[in-house]
Amino acid sequence: DINPFASENTKLNADNLDIGERVDVSVGDVLDGVALNNKFDTIFWALPFGFLDPGSNITLEEMQVFDPGYRSIRKFFATAKNHLKDGGRLLIGFSSDLGDSDLLEDIAAQAGIKLEVVAEKEIQEKDKVNFELIRGTYVSG
């Protein structure tokens, strides 16, 4: 995560669930904080699915929800393959109610990724919002 407080929170949650030794958390822009030789079975990212026009100025806190031009998502899809073990998988947290699922599909296809919703949950905020867990699979060819 680019936000050091979010990374620390993830570490604390993993420790509280007694899985801290199985979870690797890094601070950096998308996967920049991960060494190139690190390979993982699964990479999960609850990505910032709120779309804003490219070049929009946002704060670190707003980066948790918004991704101008889906720049970070494009970078993630382009680089995550380098950090997956053979047979590894991407898991992506997303909300088609709040994000642009058609654009997400297009960006994934450009990166050679097939997306599939594997779980979803409706959450009551001010209005009901649906959140999805999406599996991304790199396709050869």
Restricting to Cα pairs under 8 Å and 6 or more apart, the percent relative contact order of the chain works out to 21 percent
Note: Thr137 to Ile123 extended length (0.36 nm per residue) minus current alpha-carbon separation gives 2.4 nm
Over segment 1-123, with neighbouring protein chains present, the accessible area per residue in Å² at probe 1.4 Å is 62 Å²
Per-residue ellipticity at 222 nm attributable to helices in the chain (runs of n ≥ 4 DSSP H, -39500 (n - 2.57) apiece, nearest 500 deg cm²/dmol) works out to -7000 deg cm²/dmol
For segment 17-92, the accessible surface attributable to carbon and sulfur atoms (probe 1.4 angstrom, ligands and nucleic acids excluded) amounts in percent to 51 percent
Counting only DSSP loop positions in segment 76-141, the GluC sites (Glu not before Pro) whose Cβ has at most 14 other Cβ atoms within 10 Å are Glu125
Expressed in angstrom and ordered largest first, the alpha-carbon extents of segment 96-135 along the principal axes are 35, 18, 8
Expressed in angstrom, Rg and Dmax over the Cα atoms of segment 1-133 are 14.9, 43
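The values are calculated or read from the model by the stated rules, or taken from the named source; none is laboratory data. Here the structure is a predicted model, which means the values were calculated and not measured. Every residue, glycine as well, gets a Cβ built from its backbone with ideal geometry; the counts of neighbours run over all protein chains shown. Please note that ligands, DNA and RNA were not included when accessible areas were found on the heavy atoms of the full protein model with its side chains. Shrake-Rupley method; radii C 1.70, N 1.55, O 1.52, S 1.80 Å.
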